[in-house]
Amino acid sequence: MTKSELLYKRAVKHLPGGVNSPVRAFLSVGGSPRFIESADGAYIYDVDGSKYIDYINSWGPMILGHNHEVIRTAVIEAAQKGLSYGAATEAEVEMAELLCEIVPCFEMVRMVNSGTEAVMSAIRAARGYTRRSKIIKFEGCYHGHSDGLLVKAGSGVMVAGIPDSLGVPSNCVKDTLQAKYNDLDSVMELFEENRDEIAAIIVEPVAANMGVVLPQEGFLQGLRELCTKHGALLIFDEVITGFRLSLSGAQGYYNIMPDLATFGKIIGGGMPVGCYGGRREVMEMVAPVGPVYQAGTLSGNPVAMAAGMAQLKYLKEHPEVYTKINELGEYFRNKVNVLFDKYNIKYQVAGIGSLSCIFFANGKVTDYETAKMADTKEYARYFRFMLEHGIYIAPAQFEAMFFSYAHTYQDIVDTLLVIEQYLND
Ligand code: KE4
């Protein structure tokens with residue numbers, strides 16, 4: 001048995017599924033999960049010494065690549081002064097100023113510790129501000145694991161085939177309305193059926209948890225107009241797109257101004273960080289200045305702030321990062337399409353900038369229903385072949401590939417060679 005297999009045998013005794021997050025268990029793709037020992041640049045190394053080109057990048061945070069010197073140095077310096085105080089620090093003020101300078105809709109921000117916490121809190125703020133209870137989410141979008149959002153969610157929920165989660169009482173989701181991604185009519189109908197009752201729409205401006213599904217022309221603008229018309233707040237869940245699609249995220253890329261936005265991943269530089277923010281009049285509803293309660297012992301943790309600020313400052317000062325990672329993503333998608341044409345394969349390669357995915361589906365994927373047409377068994381075979389050949393991609397069809405500043409064109413060429421071998425296999 002490999003060291004990973006031995007570790008997995010131990011892990012399942014004391015961790016549900018042997019993991020601390022379901023997608024890591026490889027359940028939808030088979031085989032034993034790899035236990036990672038270290039990472040550097042574009043590569044990760046498992047406990048058996050195997051090296052992989054990494055396209056997960058911790059599900060997005062490692063946009064500069066693993067173990068970047070600027071972030072490592074900042075973390076070590078901060079840690080030498082102390083790990084956590086449970087009191088206000090200058091680092092939190094600097095982070096708030098930086099985020100409000102860069103994120104178009106941010107007038108105020110509150111730091112939290114995960115994307116789940118950011119989304120849960122933003123929805124509470126929206127409900128408090130509007131004095132309304134209902135929210136609209138989209139089938140196949142994933143916004144973390146808080147009770148009210150585990151309804152037809154994407155990511156691990158989708159691949160596990162559990163459309164909703166056990167343990168979530170029906171009255172926790174009765175106010176969660178489901179619309180179809182890229183279908184404005186389905187949203188208009190909900191507003192008509194629930195007039196003056198909808199507090200907010202929450203949307204992934206680029207859906208990346210049912211595979212990568214782009215917003216069709218007019219979709220995001222239509223959501224903006226419907227929210228304004230009906231007095232609801234538009235919340236962009238930018239946990240994946242934030243600081244990835246551009247320095248100003250999807251809201252800058254598509255030039256759509258949400259009322260609130262949520263972030264995670266990249267703003268922590270690999271440390272547990274999330275945040276929510278937006279219009280001052282909404283955020284001033286949040287305790288202690290307002291009646292919407294939200295708190296967190298480690299929120300704004302100084303070491304995590306140091307990691308996040310180091311990464312965000314680097315991204316702000318080096319626009320060439322986006323030029324390169326977008327070109328890598330585009331190059332990859334174009335070359336995969338060349339391979340599909342060469343072998344007369346009808347699968348779909350999707351993506352935008354440094355976010356990509358391959359759907360093992362013969363038709364165009366535009367929403368949850370068409371994403372579910374993907375052949376997850378074929379994807380599992382593809383995943384295992386890639387892993388055996390040193391390429392680490394998402395262990396589930398309904399996820400994304402993340403390109404980092406550390407990836408080289410040679411890495412992409414090497415990856416494409418393995419994909420061609422698979423198609424020839
Ligand atoms: P976290 O609580 O996992 O930090 O963030 C939840 C979340 C919120 N919103 C969006 C758009 C997200 O993609 C996520 C989390 N993304 C998944 C990857 N699909 C995290 C990976 C995992 O669950 O292990």
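The values are calculated or read from the model by the stated rules, or taken from the named source; none is laboratory data. Fair warning: this is a prediction, and the values are worked out from it, not measured in the lab. A quick note on method: Cβ atoms are made from the backbone with ideal geometry, for glycine too, and the neighbour counts reach across all protein chains shown. Please note that ligands, DNA and RNA were not included when accessible areas were found on the heavy atoms of the full protein model with its side chains. Shrake-Rupley method; radii C 1.70, N 1.55, O 1.52, S 1.80 Å.
Some points to look at:
- Filter pass, Val289 being within 20 Å of Thr130 (Cα to Cα) and assigned to a loop (DSSP other than H, G, I, E, B): yes
- Of the helices (runs of 4 or more DSSP H) entirely within segment 301-414, those holding at least 2 residues that are outside the structural domain of Gly264 (by TED's automatic domain parsing) and surrounded by 21 or more Cβ atoms within 10 Å (Cβ to Cβ) occupy 320-342, 368-371, 376-388.
- Elements of type strands (runs of 3 or more DSSP E) contained in segment 1-116, each with 1 or more residues being within 16 Å of the ligand (Cβ to nearest atom) and either open to solvent by 30 Å² or more (accessible area, probe 1.4 Å) or without any contact (Cβ under 8 Å) to a residue 12 or more places away in the chain (or both): 36-40, 108-112
- Filter pass, Gly296 being outside any helix (DSSP H, G or I), touching an Asp or Glu at 6+ places or on another chain (Cβ under 8 Å) and open to solvent by 10 Å² or more (accessible area, probe 1.4 Å): yes
- Checking each residue in segment 254-286 for being more than 13 Å from the ligand (Cβ to nearest atom) and either in a strand (DSSP E or B) or touching a Cys at 6+ places or on another chain (Cβ under 6 Å) (or both) picks out Met257, Pro258, Leu260, Gly269, Gly277, Gly278, Val286.
- Any hit, segment 122-129, residues being surrounded by fewer than 22 Cβ atoms within 10 Å (Cβ to Cβ), touching a residue at least 12 places away in the same chain (Cβ under 8 Å) and assigned to a loop (DSSP other than H, G, I, E, B): no
- Annotation: Lys152 fulfils all but one of (1) out of contact with any Phe, Trp or Tyr (no Cβ under 6 Å at 6 or more places or on another chain); (2) open to solvent by less than 20 Å² (accessible area, probe 1.4 Å); (3) within 25 Å of Met210 (Cα to Cα); the unmet one is (2).
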